[in-house]
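Asker: The structure under discussion is supplied below as structure tokens; questions concerning it will follow.
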Amino acid sequence: MIDLREPPAPTTPSTPHWAPPPLPETRGPVTARLFDVLRRGTDRCPDLGDLPWSADPLDDDDLQLALYCCYELHYRGFDGVDADLEWDDGVLRFRRQMEGRFESALRGLRGSAYVVPDDPADELATIVAGGADGPSPSAHLATTGTLDQLREFAVHRSLYQLKEADAHTWAIPRYAGRSRSALVEIQMDEYGNGVPGEAHAELFASTMSALGLDPTYGRYVDHVGARTLATVNLVSWLGLHRRLLPALLGHLAVFEMTSVVPMGRYSEAAQRLGVDAAARRFYDVHVVADRHHGPLAARHLVGDFLADCPNERPLVMWGAHSVMAVERRLADHLMSSWESGVTSLRRPLPATVG
Ligand SMILES: [Fe+2]
Ligand SMILES: [Fe+2]
């Protein structure tokens, strides 16, 4: 008989593929202080007030990694870090200080000016089109990029792609109506409609293996810099704050509307570079799925939401602008590194998985 008076002690999962990863390496005083708290499980209130900050939080490796690790407590956590620290007052206060700097920096980003169309779907299309004149890693990879660069690109994306869709799922319990039905339809596809191995995160793990990379969750955090971490922190931040729900919907709409062409190019790159065909499936699945998801997101996810809540339009569009801006900064970094003949990673990759 089960004794309900004493809750069972939490157990460590024995399934290695979703076991929590180790904490990454520190990158400065902010991560050093945070990781000290996470390792010791102290209830001592950390304060960031006396720590040095760089001028641009979006390029601050130490701040972006610390924020990323705070958010990871809400996903899979870290090996050796008490799961209860997810809701620790001190850690949350520490996180809020970083989020304040992150939000200020995001609000300081400027997109190109445009005439606002009546239809929100047209406005989203205008925002997306505004990013078309920037550097294009996908065009580069499809035509002249090297296999090393394609592998690097997968490493950058792995922090998001191995938990693809999870942050957007946080929107589901936060509202109702036709827009939410569109969200659920998109998310069902992202999770492979419940078919084991078909979730897009799982397909991406197969792509990583085919590229000779290690698909273990969190394996490459130490390899990527602030600009990559900022792209992941943006969606985690939007997903974890109910007040930012409209911006999260704008973020997802942009993801769905900007996927088909680059995903087709990554698939072309894998084919041109002679990578195992298994690497292409993740990209090919997106070309098909997002031909449907893009219009669905513009017309229903966003359009129907704004029909119910027209006053939220600026926040929806701000979410769309923000994802375009942080992706543009990452694309600038990738292309300037590759044009200079150097790696875009903080440390080189080993040749293949050992
Ligand atoms: Fe997907
Ligand atoms: Fe999609």
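Asker: Being within 13 Å of Leu203 (Cβ to Cβ) and away from ligand 2 (no atom under 16 Å from the Cβ) is the filter; apply it to the range 278-319 and report the residue that is modelled with the highest pLDDT.
Answerer: The first filter runs over the range 278-319 and keeps only residues within 13 Å of Leu203 (Cβ to Cβ), leaving 278-289.
Still in the running and away from ligand 2 (no atom under 16 Å from the Cβ): 278-280.
Numbers: Ala278: 91, Ala279: 94, Arg280: 97.
Looking at the filtered set, the residue picked out is Arg280.
Asker: Could you list, in sequence order, the residues of the range 165-177 that are away from ligand 2 (no atom under 12 Å from the Cβ) and part of a helix (DSSP H, G or I)?
Answerer: First pass over the range 165-177, keeping only residues away from ligand 2 (no atom under 12 Å from the Cβ): 166-167, 169-177.
Correct list: Asp166, Ala167, Thr169, Ile172, Pro173, Arg174.
Asker: Quick check: anything in the range 297-311 open to solvent by 10 Å² or more (accessible area, probe 1.4 Å), farther than 13 Å from Leu249 by Cβ and under 23 Å from the mean Cα position of the chain (by Cα)?
Answerer: Taking every residue of the range 297-311 in turn, none turns out to be open to solvent by 10 Å² or more (accessible area, probe 1.4 Å), farther than 13 Å from Leu249 by Cβ and under 23 Å from the mean Cα position of the chain (by Cα).
Asker: May I pose another question? List the number of the failed condition for Leu244; all other conditions in (1) open to solvent by 30 Å² or more (accessible area, probe 1.4 Å); (2) away from ligand 2 (no atom under 16 Å from the Cβ) hold.
Answerer: (1)
Asker: If you go through the range 253-268 one residue at a time, do you hit one that is open to solvent by 40 Å² or more (accessible area, probe 1.4 Å), over 24 Å from Val316 (Cα atoms) and more than 14 Å from ligand 2 (Cβ to nearest atom)?
Answerer: yes
Asker: Moving to a separate point now. Residues in the range 127-138 that are without any contact (Cβ under 8 Å) to a residue 40 or more places away in the chain and either under 16 Å from Glu256 (Cβ atoms) or touching a Cys at 6+ places or on another chain (Cβ under 6 Å) (or both): how many?
Answerer: Residues of the range 127-138 that are without any contact (Cβ under 8 Å) to a residue 40 or more places away in the chain, as a first pass: 129, 132-133.
Add one more test, that the residue is either under 16 Å from Glu256 (Cβ atoms) or touching a Cys at 6+ places or on another chain (Cβ under 6 Å) (or both), and what stays is 129.
Count: 1.
Asker: Among the residues of the range 122-157, count how many are among the small types (Gly, Ala, Ser), part of a helix (DSSP H, G or I) and open to solvent by 20 Å² or more (accessible area, probe 1.4 Å). Step through it out loud before you land on a result.
Answerer: Kept after step one, since they are among the small types (Gly, Ala, Ser), are these residues of the range 122-157: 125, 129-132, 134, 136, 138-139, 142, 145, 154.
Those still in the list that are part of a helix (DSSP H, G or I) too: 125, 129-130, 138-139, 142, 154.
Narrowing further to those that are open to solvent by 20 Å² or more (accessible area, probe 1.4 Å): 125, 129-130, 139.
Adding up the residues that qualify gives 4.
Asker: Same structure, new question: Filtering the range 178-219 down to residues that are among the polar types (S, T, N, Q) and either open to solvent by less than 20 Å² (accessible area, probe 1.4 Å) or assigned to a helix (DSSP H, G or I) (or both), which residue is farthest from ligand 2 (Cβ to nearest atom)?
Answerer: Pass one, the range 178-219, residues among the polar types (S, T, N, Q): 179, 181, 187, 193, 206-207, 209, 216.
Cutting the leftovers down to either open to solvent by less than 20 Å² (accessible area, probe 1.4 Å) or assigned to a helix (DSSP H, G or I) (or both) gives us 179, 181, 187, 193, 206-207, 209.
Values: Ser179: 16, Ser181: 15, Gln187: 9, Asn193: 12, Ser206: 17, Thr207: 16, Ser209: 22 Å.
Restricting to residues being among the polar types (S, T, N, Q) and either open to solvent by less than 20 Å² (accessible area, probe 1.4 Å) or assigned to a helix (DSSP H, G or I) (or both), the top hit is Ser209.
Asker: Under the condition of being assigned to a helix (DSSP H, G or I), under 23 Å from Ala154 (Cβ atoms) and touching an Asp or Glu at 6+ places or on another chain (Cβ under 6 Å), which residue from the range 257-305 is farthest from ligand 1 (Cβ to nearest atom)?
Answerer: Filtering first and then ranking leaves Ser267.
Asker: Can I ask one more? Could you check the range 44-75 and list, in sequence order, the residues that are at pLDDT 70 or above, part of a loop (DSSP other than H, G, I, E, B) and small (Gly, Ala, Ser)?
Answerer: Within the range 44-75, Ser54, Ala55 meet the criteria.
Asker: Here is a follow-up. Only one of (1) open to solvent by 50 Å² or more (accessible area, probe 1.4 Å); (2) outside any helix (DSSP H, G or I) is not met by Asp332, so which one is it?
Answerer: Of everything listed in (1) open to solvent by 50 Å² or more (accessible area, probe 1.4 Å); (2) outside any helix (DSSP H, G or I), Asp332 misses just condition (2).
Asker: May I ask you to list pairs of residues, at least six apart or on different chains, whose Cβ atoms are under 7 Å apart, with the first in the range 168-196 being without any contact (Cβ under 8 Å) to a residue 40 or more places away in the chain and the second being among the charged types (D, E, K, R) and away from ligand 2 (no atom under 15 Å from the Cβ)?
Answerer: That search, which allows pairs on different chains as well, returns Ile172/Arg180.
The values are calculated or read from the model by the stated rules, or taken from the named source; none is laboratory data. These numbers come from a predicted model, not from an experiment. Ideal geometry is used to build each Cβ from the backbone, glycine not excepted, and the neighbour counts take in all protein chains shown. Remember, those area values only see protein heavy atoms, side chains included, never the ligands or the DNA or RNA. Shrake-Rupley method; radii C 1.70, N 1.55, O 1.52, S 1.80 Å.
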